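Asks: The structure under discussion is supplied below as structure tokens; questions concerning it will follow.
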Amino acid sequence: MRKIKLSLAIGFAVVAGLTSCLKEDTTLSKDESNNVVEIYNNVPGTIVSDVSSLYPLYSEAFDVVPSAPYIFRVSYSGADVAPQDITVTLDQDPAALDYYNEEFDKHFEVLPASKYTIPSWTVTIKKGQRIAEIPVEFKTDQFDLSKSYAIPLKIASASYGTVSKNYGTVIFEIIAKNKYDGVYKGNGYTFMGNSNTTAPFLWSIDCSWGLNLITTGANSVYMDAKPVYRGGSIIYFGGIFPNIVFDPATDKVTAVNASGPGNGYNYTFPAVQTPTYNSRYDAATKTIYISYNLINTTWYATDTLVYCGPR
């Protein structure tokens, strides 16, 4: 499932890039150049918004540290370099974030100014250059990890040139990751007591079919894939998205919670870890061993999640 999602995401990103060029009518002909001033990101793979979104959303994740460095970039994009010094001033646009939240039913909050440092919102693209950089330091150790933060960034003014219609306002999701966060591969199975059958999870192949564990708090992560298993035929079990909570002192799992709609059903049963299983995180190998069951059901899952890399 993850492999398919990633392929689609990459496809959308490519389409978005082509659409941007068509809208701006940016050509590579020096005789017909139509440069624009825009917020620039040189890692297109981090764009996570739908191609239909009015505002591009980039997702940037950082470890929980006192100071996580990042760079905002502005660009004079097109065929030509800057014909003169171009002073660009950035500002935040909370209304754009409100629009995005409404459009996609999200709950982003503007990252408080106390959670990062930035020397200035004004930068100069030097004559003969294309890009200027503004360094920023995120104080991710001060983030409330239960919240979703973003910086809705816009070009407030440019001393020369036309501000891009597509990338004049961009939203940056700023994520602080706990140590359990990342992409994992699994080697697990599920047991259905009512049919007395055991079946392997289909994601248990390799890292290309990995699943994301996403930070939801200082010591908890959310699994973003459904347990999909084979029990005579392929079955999509109705929407189990476990949120795993750890004891930071021992790395043992203290709670598992899961609920959500899926496959035409709506399972809202809470999940708990299996008492006889030692559910835990092994820091030396970055492996999570977990077993949990749904209360009031005969369904339980056991999985060994092996860390593949950062998401």
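Asks: Just one of the numbered conditions (1) hydroxyl-bearing (Ser, Thr, Tyr); (2) under 29 Å from residue 215 (Cβ atoms); (3) open to solvent by 20 Å² or more (accessible area, probe 1.4 Å); (4) at pLDDT 95 or above is not true of residue 149; which one?
Replies: The one condition residue 149 does not meet is (3).
Asks: Just to be sure I understand the filter: pairs with C-beta atoms under 6 Å, separated by 6 or more residues or on different chains, first member in the stretch 165-191 and open to solvent by 10 Å² or more (accessible area, probe 1.4 Å) and at pLDDT below 95, second member among the charged types (D, E, K, R) and part of a loop (DSSP other than H, G, I, E, B). Which pairs pass?
Replies: From residues that are open to solvent by 10 Å² or more (accessible area, probe 1.4 Å) and at pLDDT below 95, the pairs are 183/311; 185/206.
Asks: Where in the stretch 51-92 are there strands (runs of 3 or more DSSP E), lying wholly inside it, with at least 2 residues that are modelled with pLDDT of 95 or more and either over 18 Å from the mean Cα position of the chain (by Cα) or buried (at least 16 other Cβ atoms within 10 Å of the Cβ) (or both)?
Replies: Details: elements: 57-63, 68-77, 86-92.
Hits in the stretch 51-92: 68-77, 86-92.
Asks: Could I ask something else about it? For the stretch 237-311, list the strands (runs of 3 or more DSSP E) that sit wholly inside it and hold at least 1 residues that are modelled with pLDDT of 85 or more; which are they? It would help to see each step written out before you state the result.
Replies: Values: elements: 243-246, 253-257, 260-262, 265-267, 271-273, 280-282, 287-294, 299-309.
Where strands (runs of 3 or more DSSP E) fall fully within the stretch 237-311 and carry at least 1 residues being modelled with pLDDT of 85 or more, they are 243-246, 253-257, 271-273, 280-282, 287-294, 299-309.
Asks: Scanning for something closer than 16 Å to residue 59 by Cβ and either of a type in the set (Lys, Arg) or assigned to a strand (DSSP E or B) (or both), does the stretch 160-170 turn up at least one residue?
Replies: yes
Asks: If I filter the stretch 120-133 for residues that are within 23 Å of residue 176 (Cα to Cα), of a type in the set (D, E, K, R), surrounded by 14 or more Cβ atoms within 10 Å (Cβ to Cβ) and under 27 Å from the mean Cα position of the chain (by Cα), do I get at least one hit?
Replies: The answer is no, given that none of the residues of the stretch 120-133 is within 23 Å of residue 176 (Cα to Cα), of a type in the set (D, E, K, R), surrounded by 14 or more Cβ atoms within 10 Å (Cβ to Cβ) and under 27 Å from the mean Cα position of the chain (by Cα).
The values are calculated or read from the model by the stated rules, or taken from the named source; none is laboratory data. None of these values were measured; they are calculated from a predicted model. We place every Cβ from the backbone using ideal geometry, glycine too, and count neighbours over all the protein chains shown. Each accessible area value is taken on the protein alone, full model and side chains, heavy atoms only, with ligands, DNA and RNA left out. Shrake-Rupley method; radii C 1.70, N 1.55, O 1.52, S 1.80 Å.
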